[in-house]
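*Asks:* Structure incoming, see below.
Every read-out reported here was derived from the displayed coordinates using simple, explicitly stated rules and does not represent laboratory data. Since the model is a prediction, treat every value here as computed from it, not as a measurement. Backbone-built Cβ (ideal geometry, glycine too); neighbour counts: all protein chains shown.
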Amino acid sequence: MGKLTPYDTGARLEPHVWVHGQTTSPEGRARPAEDDDFGRVDFDLDDGTSLATVYLMPTDTGYEMHIHQHSEDYLAVFGANEPPPRAVMEGARLDPEYRSRQMMLLSEGLDAVGKEYFDSLWYHNEGEPLFSFDPGHYVFLPYEKDGSHFAIEERFERGTDWEDEDRVPIGWTWVDYQMVPQPDGTTTAELVAEGATTPADIDRLIDRARIWAQQCADRVARGEIEGLTPHRTHPGTQTPGTEGLTR
C-alpha cells in the first residue's frame, strides 16, 4: 500500500474542477459547460458533499476570490496579502488630510477608552512595539491572560511604502474575541464578531471598543478575572496575555 496523501488522511480537502473541456457535471450529471461554470472548483468532504465552491476573477482594481459555502461549518479565510475589504477600499478616494485627521481622532478616542478602563485591562496602541501588526495596531485585552481581546488593524492601499512615516490608512478592520462556554463546561476565546470601518465611521468603532472594555470591566467586577493589582506590572514593562492571540 502506498503512502497516504493528505487527501486520504483528511488533512486537506480535495479540489474538483467543474469544467473539463466543454463539459461540466457539478451535480453528477454531465452537461455542456456555461460561461459561469468556468474556473469553479469544489472542495468536497469525505461523504461526497461539497463544503464550498471557489473561483477567482479579475476586477478593475485587482482580483476577487468568490467563495460559496454549502454548509454551516465555520470557514476562516487567511491570506499572506489580504487586501482591505471593499468598504474600506472606498476610503482611498477620500482626501488624505481628512483621513489623517480621522486617524488622529480614532487614536485619541481609543486612548481615552484605555485610560478609562485602566484598572480592568491592558491597552496598547501603535506606538507600542509589542504587537506591530498581529493581532492589530490597537489592542485591548484583560490583565489575566485568557485569549480574549479586541484588536483594530490599520488598512492601507496596495503598494503603500511601509518606510513612509507619513502614510495614512484608508480604513480599519477589527476583531472581537470573547470567552465562549464549551460543552465540557470550560470557556474558550473565540471570534464572535469582526468588521471594517471607514474614516467617516470612527465614532462607531470607538463605541465598539468601549463596549468591549466595559464587558471586560464587568468580568472583573464579577470576579471572573483579575484586574490591576499590586502584583501586576504597569503597561510598558511586562505584558501578560499575548500568548495565543490571533487576528
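*Asks:* Compare the peptides 15-25, 141-151 by average per-residue count of other Cβ atoms within 10 angstrom and give them in order, highest first.
*Replies:* Top of the packing list down: 141-151, 15-25.
*Asks:* How far is it, in nm, from the label point at residue 111 to the one at residue 201 when both lie 7 Å from their Cα along the line to the Cβ?
*Replies:* Each label point is offset 7 Å from its Cα along the Cβ direction, giving 2.6 nm.
*Asks:* Okay, next question. Rounded to two decimal places and with Rh computed the Kirkwood way over Cα pairs, what is Rg over Rh for the stretch 86-221?
*Replies:* On the Cα set of the stretch 86-221, Rg over Rh gives 1.00.
*Asks:* Let me ask something else about it. What's the FRET efficiency of residue 65 with residue 166 using the Cβ-Cβ distance as r and R₀ = 41 Å, to the nearest 0.05?
*Replies:* 0.80
*Asks:* For every other residue with a beta carbon closer than 11 angstrom to the beta carbon of residue 101, add +1 if it is Lys or Arg and -1 if Asp or Glu, then tell me the sum.
*Replies:* -2
*Asks:* Provide the descending list of Cα extents for the stretch 17-69 along its principal axes, expressed in whole angstroms.
*Replies:* Computed over the stretch 17-69, the largest-to-smallest principal extents equal 37, 26, 12 Å.
*Asks:* Now for a separate question. Sequence-distant or interchain residues sharing an amide H contact under 5 Å with residue 228, placed H: which?
*Replies:* 120
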